[in-house]
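Notes follow the structure.
All of the numbers you see were taken from the coordinates with simple rules; none came from a lab. Remember, it's a predicted structure, so these values are computed and weren't measured experimentally. Note: ideal-geometry Cβ built from the backbone for every residue, glycine included; neighbour counts use all protein chains shown.
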Amino acid sequence: MERIQRGMDFADSAYRRGVSRRGGSHSTQASWWQYRRGQRYNETAGWFVMSNQLHLVRASAAKGLPVVTIDTGEDAAEIKDVVFDSERHHLIGFTLNKRGWLAGSLKATLLADHIIGLGPDAVMVLSEASLTADSQAPEALADTGSAYHVVGNDVIAESGKVLGTVVDVIVETGEQPRAVGYEVKDDGGSMFVPVTAQMGLSGKNLVVPAEAEQFTRDDLAGFGAAVESFRYLLPNNDDSSSGGDA
Amino acid sequence: MSVQSMKDSLKEKVVAVDTADDLGKVKHYVVATSGVQILRLHIDGRRGGAQFVDWDDLSSFGDDRVVVTSADAVHESDDERDTDTAKGDLNILGSRVLSTAGHELGEVKDVEFDGGTGTVMAAILKSGTRIEAASIRSLGRYALVVNA
């Protein structure tokens, strides 16, 4: 199990430095706004749309989002960190901070299964009862330091070609958000690789199986469609085996 | 049914039937957590000295005056929702609007309500979007939450 803090820091700092996904510079001004379903989304913040059905986001972009209760309209917490099971390639949940100035960590966590909606502006839960006390949290959320780290791994194709280094986890938003891919960076820019249970992970290297490699894309929009196609072509890859979070 | 606008009714004078005295003006609306029912009006003072009138003690909510059944109906409150409203920390007018999918939809510009019952009928956003009461899930200090 791993917190992807390192990846989040990397992505955030890369954007602050003005480094684009393709290695060039980008502006943080209005040109980085994109439109989705008639609404604007700030690409600098890491939010993208992939297709009409699939909404994807870099996990790093969830950091700092308020956790809002649907039954009271209150902001109960904010996202501190993303907890990702790198062995099974799935999103477990989030650690939390209290809201407000100088607020520290909250002694509660949020399981991905308890999320009603993960959007660009907030993480929505039914009520404060949806937050899990630390004492009752799964071990993965309570103790996240022992297993493999996926962010920072070299990504290697079955052919032996090194594709780059994992810099972020791509999450499908909506109800019960789940990890669907990795952002991989090399000198030429970024590419996006779909997660599968067949991926080998050593803590240093992530090996991408050939059937997943053909769905790799160098833009997030194209990757959304690729993920949908990938699922369609691998009907036996149910949620648990395809890296989903059901 | 008399449809009233919260925005237009702000500062409307509140008058008692029994004494004919001016009791104050509509300063804020205390709206239930459900986001669809006005509980009382904040009519005078702030913080510890804030004065309220319960919706059930209104004789009428007219276009020109709000009429209260008795001057004795005016009261203070230590209820957190009331005090937060009086301080301006909880106000449906100007509230952020969030969908259950986590998308911010805008800010509440006005609210239409039934002047007879205090039931919210719709929230009007600054963008002009109208959100019917049936879509409203809750009102809190952070946001008015509506169905995606």
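Things worth noting here:
- Peptide B:102-109 - average C-beta neighbours from other chains (10 Å radius): 5
- Residue by residue along A:117-127, Cβ atoms of other protein chains within 10 Å of the local Cβ number 5 on average.
- Database remark: amide H of B:E12 closer than 5 angstrom to the amide H of B:V26 (H placed geometrically; neighbours at sequence offset of 5 or more, or on other chains; Pro and chain starts carry no H).
- GNM on chain B, alpha-carbon springs under 10 angstrom: the most fluctuating residue among B:V120, B:V53, B:V74 is B:V74.
- Per-residue 3J(HN,Hα) values for the stretch B:53-65, derived from phi via the Karplus relation 6.51 cos²θ - 1.76 cosθ + 1.60 with θ = phi - 60°, read 10, 5, 4, 5, 9, 7, 7, 7, 10, x, 5, 10, 9 Hz in sequence order (x marks Gly and Pro).
- Annotation: amide H of A:I115 within the under-5 Å range of A:Q176, sequence separation 5 or more or interchain, hydrogens built in the peptide plane.
- Segment A:E128-A:A197, extension gain: residue separation times 0.36 nm, minus the distance between their alpha carbons: 21.5 nm
- Remark: spin-label model distance B:D89-A:D113 equals 3.5 nm, labels positioned 7 Å along the Cα→Cβ axis.
- Within the shell defined by Cβ-Cβ distances under 13 Å, the residues around B:G24 carry a net charge of +2, with Lys and Arg each +1 and Asp and Glu each -1.
- Net +/- balance of residues flanking B:K7 in space, Cβ distance below 12 Å, scoring K and R +1, D and E -1: -1
- For the stretch B:95-103, 3J(HN,Hα) per residue [Karplus equation, 6.51 cos²θ - 1.76 cosθ + 1.60, θ = phi - 60°, Hz, x = Gly/Pro]: 5, 5, 10, 10, 8, 5, 8, x, 9
- For chain B, averaging the sequence separation of C-alpha pairs within contact (under 8 Å, six or more residues apart) and dividing by the residue count gives a relative contact order of 24 percent.
- Sequence ranges B:122-135, B:79-92, ranked by mean other-Cβ count within 10 angstrom, highest first: B:79-92, B:122-135
- Modelled FRET efficiency - R0 25 Å, B:E107 with B:R46, Cβ distances, 0.05 increments: 0.60
- Whole-Å semi-axes of the stretch B:64-148's equivalent ellipsoid (Cα gyration tensor): 26, 16, 11
- Computed from backbone phi, the HN-Hα couplings of the stretch A:165-174 come to 10, 5, 10, 6, 10, 9, 10, 7, 7, x Hz, rounded to whole numbers (Karplus: 6.51 cos²θ - 1.76 cosθ + 1.60, θ = phi - 60°; Gly and Pro given as x).
- Cα-centred dipole magnitude for chain B, charges only on beta-carbon of K, R (+1) and D, E (-1), debye, nearest 20: 720 debye
- A:D219-B:R65 FRET efficiency (beta carbon distance; Förster radius 51 Å; 0.05 resolution): 0.25
- Rg and Dmax over the alpha-carbon atoms of chain B stand at 14.9, 50 Å.
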